[in-house]
Structure formats: C-alpha cells, structure tokens
1. So, in the range 457-498, exactly how many residues are touching a strand residue (DSSP E or B) at 6+ places or on another chain (Cβ under 9 Å), under 27 Å from residue 419 (Cα atoms) and either assigned by TED's automatic domain parsing to the domain that holds residue 414 or part of a helix (DSSP H, G or I) (or both)?
2. Collect the residues in the range 472-491 that are crowded, with 20+ Cβ neighbours inside 10 Å and within 23 Å of residue 265 (Cβ to Cβ), keeping them in residue-number order.
3. Within the range 144-173, which residues are modelled with pLDDT under 90 and among the aliphatic types (A, V, I, L, M)?
4. Residues of the range 499-535 being more than 33 Å from the chain's Cα centre (by Cα), crowded, with 19+ Cβ neighbours inside 10 Å and in a strand (DSSP E or B), which ones?
5. Restricting to the range 566-600, give me the number of residues that are farther than 15 Å from residue 645 by Cα and either over 60 Å from the mean Cα position of the chain (by Cα) or among the polar types (S, T, N, Q) (or both).
6. Suppose the filter is closer than 30 Å to residue 501 by Cα and not hydroxyl-bearing (Ser, Thr, Tyr); does residue 428 pass it?
7. Is it the case, given these coordinates, that residue 216 is surrounded by 19 or more Cβ atoms within 10 Å (Cβ to Cβ), touching a Lys or Arg at 6+ places or on another chain (Cβ under 6 Å) and either assigned by TED's automatic domain parsing to the domain that holds residue 124 or more than 15 Å from residue 289 (Cα to Cα) (or both)?
8. Quick test for you: out of 498, 545, pick the one residue that is out of contact with any helix residue (DSSP H, G or I) (no Cβ under 8 Å at 6 or more places or on another chain) and closer than 30 Å to residue 415 by Cα.
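The values are calculated or read from the model by the stated rules, or taken from the named source; none is laboratory data. Keep in mind it's a predicted model, so treat the numbers as computed, not measured. Positions of Cβ are backbone-derived with ideal geometry, glycine not excepted, and every protein chain shown enters the neighbour counts.
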Amino acid sequence: MDTTLQDPLVGQVLDGRYRVDARIAAGGMATVYRAMDTRLDRVLALKVMHPSLAADGSFVARFIREAKSVARLSHPNVVQVFDQGTDGSYVYLAMEYVPGCTLRDVLRERGALQPRAALDILEPMLAALGAAHRAGFVHRDMKPENVLIGDDGRVKVADFGLVRSVDTATNTTGAVLGTVSYLAPEQIEHGTADPRVDVYACGVVLYEMLTGEKPHQGESPAQVLYRHLHEDVPAPSAAVPGLPQELDELVARATARVPDDRPQDAVALLARVREARARLSEEQLDALPPQARSTEHDNAEDRTSVIPRALTVPRRPSAGGGPGAEPAGDGLDRTARLETPPPPSGPRLPFRLRRRPLTVVAAALLVLLLGGGVWYINSGQFTKVPPLLAKTEAEARKRLEEAGLEVKEVRHAHSDTVERGTVISTDPEAGTRIRVRGSVTLTVSDGPRIVKVPDLQGRPLDEARSLLKKAGLEPGMVTREFSESVARGSVIATRPAAGTERRAGSAIALVVSKGRAVDVPDVTGKDLDQAKSALEGAGLKVRIASEQVNSEFDKGRVARQAPAGGSRIAEGGTVTLTLSKGPEMVRVPDVVGKKVDEARSELEAAGFAVEEDRGLLGLFGDTVRRQSVKGGDLAPKGSTVTITIR
C-alpha cells in the first residue's frame with residue numbers, strides 16, 4: 001500500500017506557500033516531500049522535521065544550522081537551500097529538487113562500478129566538499145545516501161544536518177555522530193572532526209564504488225567501529241584483481257588511520273584524484289569489475305530511486321476525442337489552440353471571396369521566402385563551429401580549417417579542470433551556425449594557477465586570512481599551540497609551509513599561538529595576598545570565586561585553585577582561587593570502652609582520621625581506654641583523633 005496516502009502532510013499547504021504533493025523519503029529526523037512553491041511556481045523538495053522532535057531545541061537548532069550553512073555554499077554540486085521556516089508544529093527547509101536517485105541506489109543496483117564511473121562521481125563530491133571546507137565547514141556524514149545523482153547526470157551532495165564549523169565546534173562532547181561505516185578513527189576515539197574526517201569517508205565511499213562492498217564489516221556496529229580503529233582499509237585490488245595501483249594508493253591515502261597522513265581537505269584529495277586519473281589508460285578506466293551486476297531493466301518496478309522521476313501528464317482528449325487532439329483550454333492553458341471563429345453568414349460573403357486570392361498570394365510569397373532562406377542557409381554559405389573542447393591548439397586549428405573557418409584570436413586562461421594547452425571554450429560556441437570563412441576565438445588552458453603560500457609568521461589571525469585570500473588561497477583549519485616567540489593570537493606557521501607552491505584556491509591550515517606557556521604555581525594554603533603575588537608574578541591573572549568552602553586551611557586562605565598547581569597555561573591566562581571558610585567543625589563520637597574496630601569505624605564515619613596508641617601494655621588489648629579529643633567535643637573535620645588501647 002502506498003504510504004504516501006497515509007501521510008497527513010500530503011495535500012496540505014505549509015506557510016501559505018508550499019503545497020506538499022508527494023512523500024519522497026523518510027529518515028530518523030525528517031521526512032522529505034516533493035512540493036510546489038505556489039508563489040514562484042516551481043517544484044522543490046521540502047524537508048520537514050518530525051513534529052515529535054520539533055519540541056527539542058537542540059534538534060531545531062541543528063535543523064536551522066543546516067539551512068544557514070548550506071545557504072552560504074554557492075556551488076553547483078551542493079543541493080541548494082531556498083528557505084527555512086515553521087508552520088505550527090512543522091519546522092521545514094525548502095530545498096532544490098533533484099529528480100534522480102542516490103549513489104546508494106546505484107550501488108545496490110549495479111554492485112561495483114567501473115573506475116571511470118567511480119571517479120566521475122567522486123570528483124564532483126570532492127568539489128562540493130572542497131567548497132564547504134573552504135567556507136570553514138565539515139560535513140561529518142558523507143555516505144552514498146547523501147550523494148544525489150540527477151537524471152541529467154549531475155552529482156550533488158546533500159544533508160548537511162551534521163555540519164560543524166571547523167574553528168568553533170570540532171568536538172562532539174562524547175557523542176559519536178555520523179554513520180558507523182564511514183566514521184574516521186578520530187571521530188570514534190576522540191569525537192573530533194575536521195576536514196580530514198570527510199576525506200576519510202570519501203575514501204571509504206571510493207572503496208565501496210570500486211568493490212561493491214564496504215571495507216569494514218561486522219555482526220554489530222561495535223565490531224565495525226573496532227576495525228576502523230585498529231585495521232587499515234584494505235586495497236581495492238584485493239577484492240577486484242587487476243585494479244590499478246593508482247586507485248589502491250588513492251584509497252590508502254584518503255583512509256589513513258592517522259589524520260596527518262591524509263590530504264588536509266577535499267580540495268587536496270581532488271587534486272590527487274585528478275593526478276591519478278591522468279595516469280590511467282582508457283582500458284584501465286573502462287575495465288568492468290567482476291562484482292558488477294547487469295543494469296538492464298525496464299524500470300517498471302524500480303524502487304531504488306528515492307527521488308521520483310518527473311511525472312508525464314497525459315493529454316486530455318478534446319471534444320473530438322481523437323488521439324492526437326489538442327488539450328482543451330481552461331483560461332489558464334497558454335498552450336491551448338486558439339480556435340478560429342466560424343465565418344459570419346449573410347451579405348459579407350462576396351467580400352470574403354474577393355479577399356481569399358490575396359491571402360493565397362501572400363502565403364505563396366511567404367513559402368518562397370522561407371524556402372529561399374532554407375536553401376541559402378544550406379547551400380554551403382554557412383557551417384557549424386565544430387566541438388573543440390579538450391583539443392590541443394594545433395588540433396583545434398586543423399578542425400576549424402577543415403570546417404572552412406579561421407582562428408581569429410587565441411586567448412589564455414587558467415583552469416583547474418582542463419589540461420594545460422587544450423581548449424577551454426570557443427567564441428562562438430560549438431554548434432553555432434556561422435558563415436564559411438568566418439572566424440572563431442579560442443581560449444586555451446594554461447593549467448591551474450599556481451601560487452606560493454605567503455610567509456604569515458607573526459601576523460594576527462584576521463590579517464593572515466586576508467593575506468591568504470589576496471594571494472589566491474583559502475584559509476583552512478586553525479589549530480593553536482604554545483609559542484615562546486610569537487604573540488598570542490598571531491600565526492606561528494602555515495601547513496604547508498611558506499613558499500610552498502599550491503593551486504589557487506587551495507586551503508591552507510594555520511597554526512596560531514596561544515602565547516608563552518607558563519607553569520602555574522601551587523598557592524593552596526597561602527593567604528590571598530601571597531597567592532595573588534605569586535600568580536601575578538608568573539604573568540597570570542587572578543579571579544576569586546564567589547563561593548567559599550570548608551577546608552583544612554584557616555579561614556581566608558586558598559582552599560583550591562583552577563587550574564591546579566603544576567599545570568601549563570598561556571601567559572596572561574586566568575587562575576580561579578576558592579577561599580577557605582576554615583575547617584568544618586564536627587562533634588567527636590565517644591568511643592571509650594568500645595572495641596577497637598567499632599571505635600575506628602565510628603570515628604572515620606564522622607570524618608576523622610584515626611591513630612592507635614597501644615604502648616607496651618596495649619599490644620594485645622582490644623578496648624579503647626582513652627581518646628585524644630573527648631567525646632562530645634567539636635573538632636575540625638579531617639583532623640586526627642588518637643585512641644589509647646589497653
């Protein structure tokens with residue numbers, strides 16, 4: 001039974017604007033619908049949070065964070081977010097609608113992919129993630145389910161619901177978020193996430209595309225997590241003999257268990273993918289893996305597509321009822337045929353008869369003119385600009401000459417995707433009809449623009465970011481370290497180092513100084529003036545906690561400090577002191593005459609330390625004859641009570 005029919009949202013209009021037409025997919029947090037924006041008259045995808053979660057502020061905040069994050073990413077391979085809002089208990093995102101299926105559907109249907117197909121999918125994935133990483137975001141949940149493949153072949157990355165800022169939120173505070181099969185070891189062990197966790201996940205996805213199966217499998221999620229932590233991802237060629245070494249190396253580098261051994265972000269991995277692809281032959285790229293399954297089917301019962309194809313609306317028969325009849329007009333149908341009104345009857349008939357020859361002559365002239373134009377265009381006076389993309393300049397000139405065209409001008413431009421020395425574009429474009437002996441302007445690639453990483457040591461962070469952008473690079477991940485020579489908040493170094501050549505647009509990681517490290521003096525037990533003098537003399541600031549606590553130290557002395565003595569913090573950091581209210585006074589139990597074990601238990605339960613005095617006469621005794629503090633008196637909690645045994 002079609003569950004769409006049971007969905008209460010289908011048929012409703014959210015926010016007075018979005019008409020919900022059909023349910024596309026459902027997840028643990030939200031349901032996605034195909035909807036119509038009645039204001040702009042366009043089809044879109046509506047992601048609606050489950051009402052049961054809308055009352056949880058953390059879920060709503062994550063939902064809104066997804067909208068704001070993706071709205072900042074303007075990239076052709078990222079699913080766009082158009083709007084975000086609420087309607088009663090419904091919290092929604094209005095998103096780009098992508099007719100097609102997910103990469104998971106493709107893998108489920110085809111099994112392993114040919115290397116060419118795998119790389120054709122991986123490259124736009126990395127381009128989308130590279131845009132996110134340059135904008136300072138980490139996706140954290142890359143998997144085949146979040147890769148959409150449109151009916152037109154476009155690849156788009158979706159579901160930025162777990163996105164986090166690189167600088168401000170790299171720890172999940174104990175919660176492991178993401179999908180088990182694609183989690184990087186540091187996500188599992190420490191809960192940390194920087195662009196390299198997306199690189200790891202993409203390496204796992206590449207392995208899965210090449211082999212048709214996940215690299216780490218187990219009977220439970222715990223087993224899979226253990227293997228991510230303790231086992232390397234195997235080489236794809238172990239499962240698919242004959243795969244080129246370049247693909248093994250790509251997977252190994254992307255899925256290295258040590259984060260520093262991976263490419264620093266998706267942009268760096270994309271460069272390695274393109275380098276590896278350039279070294280592969282056509283035969284290697286098109287090799288069919290044995291795990292591949294037949295793709296022949298009629299789509300009649302195709303349930304793999306989570307995003308339905310565009311619907312075909314059948315024509316309505318006209319009153320005539322013929323199969324080729326035009327649709328009936330309804331006042332809004334701009335494609336409906338305009339019917340010619342029946343001619344009036346009566347005395348005007350002779351006038352119509354006189355006008356008919358003129359109409360016939362005009363029509364004949366029009367046919368002659370159109371025929372002459374068609375003859376002129378096809379008589380050899382015109383030709384089409386041939387397709388020249390990715391051709392060398394010499395090849396392009398030869399093909400233009402064969403088409404009867406000339407090269408007007410050769411321009412040069414940098415390109416990250418088109419090989420150096422080959423054509424990026426033509427003016428006019430390929431397929432344009434122009435006169436024979438016409439001229440065409442070629443734009444030839446100079447390859448990617450290469451820039452040097454500037455020397456940013458000692459520059460404040462904001463200034464360093466600005467200088468990177470001026471140099472044609474992007475600020476990447478920021479880490480902080482102590483430095484004896486670089487002021488707090490300024491750059492210690494870049495990764496890669498200054499002077500290294502990188503493609504324009506590459507992300508450069510920045511190491512920023514936390515200032516000079518200072519050993520925190522231990523000031524517990526000191527009076528306040530002594531403690532402040534010691535801490536300020538070490539270059540630290542002092543904060544006094546508003547509360548006071550009982551302690552073994554006299555009233556007014558330092559009972560505890562945070563951070564503790566012996567810790568190392570940045571110069572200028574703050575140490576919080578909590579002052580003592582003095583020891584807590586506790587009434588001492590009377591244990592004279594009791595057995596030793598019973599007396600000890602009572603005194604320790606009251607918060608006292610116990611010492612035994614047996615002397616020579618009490619070596620074999622078991623009864624308390626005297627106690628150092630009389631029973632019923634008050635004594636500081638934690639102090640020692642001596643019992644004499646005879």
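1. Here the count works out to 2.
2. Correct list: 473, 474, 475, 476, 477, 491.
3. 158, 162, 163, 166, 169, listed by residue number.
4. 518
5. The first filter runs over the range 566-600 and keeps only residues farther than 15 Å from residue 645 by Cα, leaving 566-589.
In the following step, the residues that additionally are either over 60 Å from the mean Cα position of the chain (by Cα) or among the polar types (S, T, N, Q) (or both) were identified as 567, 574, 576, 578, 580, 587-589.
Residues flagged as farther than 15 Å from residue 645 by Cα and either over 60 Å from the mean Cα position of the chain (by Cα) or among the polar types (S, T, N, Q) (or both) within the range 566-600 amount to 8.
6. Against the criterion (closer than 30 Å to residue 501 by Cα and not hydroxyl-bearing (Ser, Thr, Tyr)), residue 428 does not qualify.
7. yes
8. 498
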